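Structure first, commentary second.
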Amino acid sequence: MTVATGELSAAFLRSTRALVCIVDGQGRIVLANPALESFTGIPAAQLVGQLFYDVYVVPEHRLLAQDAVARAMDTGVAHPQEGDWLAAGGKRRRIAMQNDVLLDDEGRPWAVACVGFDVTTAREREAQLHRRTRTDLLTGMANRSALFEELRAHLDPETGTGCGVLFCDLDQFKVVNDRFGHAAGDALLMDVATRLCAVAGADDMVARIGGDEFVLVCRDGDQDRLAALAAQVREQVGRPFAGPAGELSVGVSVGIAIGQPGEAPDQLVIRADRAMYGAKSRHTRQTPREHSVED
């Protein structure tokens, strides 16, 4: 069967689930396919003639969208983009766009053709996967991977500003596990994570890096503030925990280290870890003392 090119094009526009539109140099819609009608909830007859950034572009991106069309008209080049569009009912959807400049018979840019694909679900899945790879499954806190990502940002030799680290290791935690079982130990770890988050600042990170070890990353690398925060950690973790046979008590050893831009994240953590072990080795009672190894 032979089908005319024009009929094929019309059939494609009717059937594709891609959001297809053409906007002229002033940003007015001159073509909209049925998928875009369905997406916006507006018939094509009403879409044609409207400014595209008044129809589906989110308010905070309107100026950027206008500038993109203006630059495409000036240069004859349009670039792929990804951004939020407004669907029917005002719902936001993430759209990946392939944009191309259309030329008139004299080779001058006169419009931009856009083919958009709704990637909202895919981006949400990617974000969820990213969160999972950065989250400790037991406590919901940041994990080791997220910790070192944070440290790399703070210690970047060009853009970092340094940071402070508290390395926290629970005392007597093995006794709880051995006596009451891992379920009681897991519950205690979750409570510890909650208490650490309560004392941490809004810009601080609390990470569990394994077992009964937690690390607090503080954007403020001030020694006095870190010492005060360590005291709060000791106080909060030192309070009794609910256990299967009454109250449970554990302590925490805290090591303090301050990192400067250019230092390797693992070296900063090692210094804080050594400071923690120094504090633990000098314990004369269950309540620990924090110790700093700053040079």
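The values are calculated or read from the model by the stated rules, or taken from the named source; none is laboratory data. Treat the numbers as computed from the prediction; the structure is a model and nothing was measured. Note that we place each Cβ from the backbone using ideal geometry, even for glycine, and neighbour counts take in every protein chain shown. Each accessible area value is taken on the protein alone, full model and side chains, heavy atoms only, with ligands, DNA and RNA left out. Shrake-Rupley method; radii C 1.70, N 1.55, O 1.52, S 1.80 Å.
Of note:
Listed here are the residues, each with its yes/no results for (1) closer than 18 Å to R219 by Cα; (2) touching a His at 6+ places or on another chain (Cβ under 8 Å); (3) part of a helix (DSSP H, G or I); (4) of a type outside the set (D, E).
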| site | (1), (2), (3), (4) |
| --- | --- |
| G116 | no, no, no, yes |
| Q128 | no, no, yes, yes |
| G140 | no, no, no, yes |
| L147 | yes, no, yes, yes |
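- Filtered residues of segment 211-233 (kept if part of a helix (DSSP H, G or I) and crowded, with 20+ Cβ neighbours inside 10 Å): L226, L229, A230, V233
The rows are residues; the columns are (1) outside any loop (DSSP other than H, G, I, E, B); (2) surrounded by 15 or more Cβ atoms within 10 Å (Cβ to Cβ).
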| position | (1), (2) |
| --- | --- |
| D67 | yes, no |
| M73 | yes, yes |
| H79 | no, no |
| W85 | yes, yes |
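- L47 fulfils the conditions (1) touching a Leu at 6+ places or on another chain (Cβ under 8 Å); (2) open to solvent by 20 Å² or more (accessible area, probe 1.4 Å); (3) more than 18 Å from F117 (Cα to Cα) except for a single criterion, (2).
- Residues that are among the small types (G, A, S) and surrounded by 15 or more Cβ atoms within 10 Å (Cβ to Cβ) were ranked within segment 165-187; the one that is farthest from the chain's Cα centre (by Cα) is A184.
- One residue stands out among those in segment 188-210 that are open to solvent by 20 Å² or more (accessible area, probe 1.4 Å) and touching a Phe, Trp or Tyr at 6+ places or on another chain (Cβ under 8 Å): the one that is farthest from C168 (Cα to Cα), which is D191.
- Of all residues in segment 261-270, those satisfying the criterion of being assigned to a helix (DSSP H, G or I) and touching a residue at least 24 places away in the same chain (Cβ under 8 Å) are P265, D266, L268, V269.
- Among residues of segment 19-44, those that are outside any strand (DSSP E or B) and buried (at least 19 other Cβ atoms within 10 Å of the Cβ), counted: 6
- Pair list, Cβ under 6 Å, 6 or more apart: segment 157-172 residue under 13 Å from R208 (Cα atoms), other residue in a loop (DSSP other than H, G, I, E, B): L170/D212; L170/V250
- Criterion: touching a strand residue (DSSP E or B) at 6+ places or on another chain (Cβ under 7 Å) and within 23 Å of R123 (Cα to Cα) - qualifying residue of A96, A72: A96
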